[in-house]
Structure formats: C-alpha cells, structure tokens
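One structure is given below, encoded as structure tokens.
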Amino acid sequence: MRHRFHSMCPYFAMFPESFAESWIEELTQPGDLVLDPFSGRGTAPFQALLMGRAAVGGDINPVAYVLTRAKLRSPSLRQLLARIDELEEKSRVAVRQRESIDGDQGENRDFFELAFAPRTLVQLCYLRKELQWSSDDLDAMVAAVTVGCLHGEVNATANYLSNQMPRTISTKPNYSVKFWRERGLIPPDRDVFEVIRNRAKYRYESNRPLRRGQAWLCDMRELPRKVGSKRAQLLITSPPYLDTTSFEEDQWLRGWFLGGAAMPTRGVYSRDDRHYTRDKYWSMIADLWRVAGQLVVPGGSVVIRIAGRGMSEDELCRGLLGTSVCSQRNVKLVSSGVSEIVRRQTDAFRPGSLGLRTEVDCQFKMY
Ligand SMILES: C[S@@+](CC[C@H](N)C(=O)[O-])C[C@H]1O[C@@H](n2cnc3c(N)ncnc32)[C@H](O)[C@@H]1O
C-alpha cells in the first residue's frame, strides 16, 4: 500500500514516489545518505527513510519545509493526538478570555470571511499563532496535517476547511471572492481540531518510519554548511522549472497559515528567484552543482528531474552537463530520458495553461 504520509499535501511539480523509489533502489544501499536540496513536499527523502537510508531534505519555502520535516521526524500518533487535544483545550480558553486571535488578515478580510466559517477561522488563527513548527517536531506534524486540508473541494466526504477551492494551489483573493459571491457559496462550518484528528488517524494507518531524517528551511546554497561532514551517495532532486510557477504565490494561503502575509507574495521567502529567465536559471543550476560538488561522495550519483517552458530535452541535458563544471568534479552523464507530464502532477495545478508537456530525467555520476 502507498504510504499515507506521501499524500499529506499536494505540491507543484511533485515527484511521484515511484520515481524516487526506483532511483534509490538502483543507486544506494541501506544506510547510505540520500539528499534533496529542493525537497518540496519531501517525497524523495521520506521514501529514502522508508527504504532504510539516511535522509536530508532542504527547501526555501516554509510549506515545503513543514511537510518535509513532518515526514522525516514524525511523532507517534499518541503524542500527536495528545497535542491536538491540548491545543483544542487551550484555544477554548483563549477564545473565552478574548485573547488576541487575530490572524493578521489585514486588508484581506473579505477573502478570509468568505474562505472560512467564523469558528474555523478563529481556530486557524489560534493555531497559526501557537504552533512552533520551525522548532518542534510535534508541532511541525500538526501544521503539516492542517496545511494538507486547509483548502479544497467542498463535499460531504472531503472535509477540507475552506469554501470551494482547489486542493492544489491557493487561488488569488479577488478571483476567489468573486467566484464565491457569484455562486452564493458559503464556507462549511468545520471544527479544525476534529478534522485534523481524523486526518491524523488516517495518515497513521501506515506505520511511521522509526529512523529520523533531517530537514532544513534554507536556500540550497546554505546546505553544505548545515549538513557538515556527512556525504550523500545520491542527490536526487527537481529544481524549480524555468518560467513555470512561483511556489510562494501559488501556496500563499498555506504560507499565511505558517505565519506569512495575508495575501499572495513573490520573492519574500524565496530570496532566490532565479527561475524566470534562462541566464539566471542556469546560474541557479550552477549553484546546485557547487552544492553537489561538496556533498556527494566520489562515485556517488546525481539524479535531476527538470523542465522549462520552451526548453527542449537537448537544451536541458546540455545545460545540465555544461553547468556541471561548477561542481569542480569530474561529472559523467549516465542516462537521460523524457517523460510525459501526467495529469496528477503539474497539469493538475493549472489545467491547460502551462504548455509544459515533458520533463527530462538525467542521471550523472560524480568522481
Ligand atoms: C520542483 S519543486 C520540488 C518538488 C519536489 N520534488 C516534490 O516532490 O515535492 C522545487 C522546489 O525548490 C524550492 N526552491 C526554489 N529555490 C530554492 C533555493 N534557492 N533553495 C532551496 N529551495 C528552493 C521551491 O520552494 C520548491 O519547493
């Protein structure tokens, strides 16, 4: 059975776990370290843990970090449910005592009042202020389970917390408000604590791995310093695709829940915004090779899934190989292949609007 942590929350351009699984199986042994410096929702490092490898994931986006951390450092279900009970009790007291439960909705109140029922919003604002997801494994899991159901389709079984929205990206405030008003849609009255308790029980029907990995909220250029003396047998990753999305903007509502701005932003968390023009794009990939040069063992492997608007397989492979000199290591391209983008990945986020049909997978050896 597919491990239920994998689908905790969708993420743009996420790997299917089978992609990570087959490379990890082929290129590593139990105990080896697997590293993903653009970890997104954490699929590659989490799959590595499941397969008895050591795992490190890093990402600059708090949503990605919280998902990666929760999967790599999961608490027991008993601890998780006890923490949810404790938060529920404390939130009741906070509301009774009229402590500040304002979630900094700023000028975006219209959106928030139509997005969430009053009690749901109060509970979310409480959790937003209370959860110590960046320093506490237990709170990272509570936050991850909550962002996974923060928005989605409204129907009897789904139990998402918001008014009608896609589960994938957070739609823009003005568009959403117009959409809800025109259709007379009102948000469902959900008890956040009940929803996340049920979701947690569902996720934990798969046994959590007892081995723990390491997650970092950082620019990939900082990883060598964070990782220290450990070296990876396999670096497996997919960098942001050229001119395709802004992870920060597309995940803005999840970002708000994690303490971010109450409206879509670009370039606030991701100080590395080099994926909109070719020149900058390849300088970002050159930095990825510098990181690989420092962190991959001699004889180790690098697997990169990459794509870009208007970029051919040839351009992508040549670009990757050309920039690999920045690793200051001898790098050999072992194989490359093209895969069709399947609906459940990028297309599911912006149906029909991307023009991105293929992804390229390249496998390298580093000496
Ligand atoms: C294509 S996604 C990775 C998806 C991932 N493979 C998964 O399965 O979910 C690229 C990721 O790179 C992150 N990112 C962009 N620039 C970064 C940087 N300079 N350092 C670290 N992460 C970065 C984005 O936040 C995004 O999560």
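Before moving on, here are some points about what is shown:
- Val56 fulfils the conditions (1) part of a strand (DSSP E or B); (2) more than 17 Å from the chain's Cα centre (by Cα); (3) of a type in the set (A, V, I, L, M) except for a single criterion, (2).
- Residue in the range 53-64 that is more than 10 Å from the ligand (Cβ to nearest atom), closer than 16 Å to Val227 by Cβ, in contact with an Asp or Glu (Cβ under 6 Å, 6 or more places away or on another chain) and assigned by TED's automatic domain parsing to the domain that holds Lys226 present: yes
- If the condition is being surrounded by 20 or more Cβ atoms within 10 Å (Cβ to Cβ) and over 21 Å from Ile84 (Cβ atoms), then the range 181-208 contributes only Pro187.
- Residue selected from the range 194-208 under the condition closer than 16 Å to Ala140 by Cα and in a loop (DSSP other than H, G, I, E, B), by the criterion farthest from the ligand (Cβ to nearest atom): Tyr204
- Residue check, Phe5 in contact with a Ser or Thr (Cβ under 7 Å, 6 or more places away or on another chain), aromatic (Phe, Trp, Tyr) and more than 9 Å from the ligand (Cβ to nearest atom): yes
- When the range 40-52 is filtered for residues that are part of a helix (DSSP H, G or I) and either among the basic types (Lys, Arg) or near the ligand (Cβ under 8 Å from one of its atoms) (or both), the ones remaining, listed by number, are Thr43, Ala44.
- Arg73 away from the ligand (no atom under 16 Å from the Cβ), of a type in the set (Lys, Arg), buried (at least 18 other Cβ atoms within 10 Å of the Cβ) and more than 25 Å from Leu242 (Cα to Cα): yes
- First in the range 289-308 and within 10 Å of Ser327 (Cα to Cα) and aromatic (Phe, Trp, Tyr), second anywhere and outside any loop (DSSP other than H, G, I, E, B) and within 16 Å of the ligand (Cβ to nearest atom), Cβ under 7 Å, 6 or more apart: Trp289/Thr323; Trp289/Cys326
- Residues in the range 300-315 that are more than 14 Å from the ligand (Cβ to nearest atom), at pLDDT below 95 and not in a helix (DSSP H, G or I): Gly310, Met311, Ser312.
- Here Leu235 passes the criteria (1) closer than 17 Å to Val63 by Cβ; (2) surrounded by 21 or more Cβ atoms within 10 Å (Cβ to Cβ) except the one numbered (1).
- Residue that is farthest from the ligand (Cβ to nearest atom), among those in the range 16-39 that are small (Gly, Ala, Ser) and assigned to a loop (DSSP other than H, G, I, E, B): Gly31
The values are calculated or read from the model by the stated rules, or taken from the named source; none is laboratory data. These numbers were taken from a predicted model, which means no experiment stands behind them. Note that we place each Cβ from the backbone using ideal geometry, even for glycine, and neighbour counts take in every protein chain shown.
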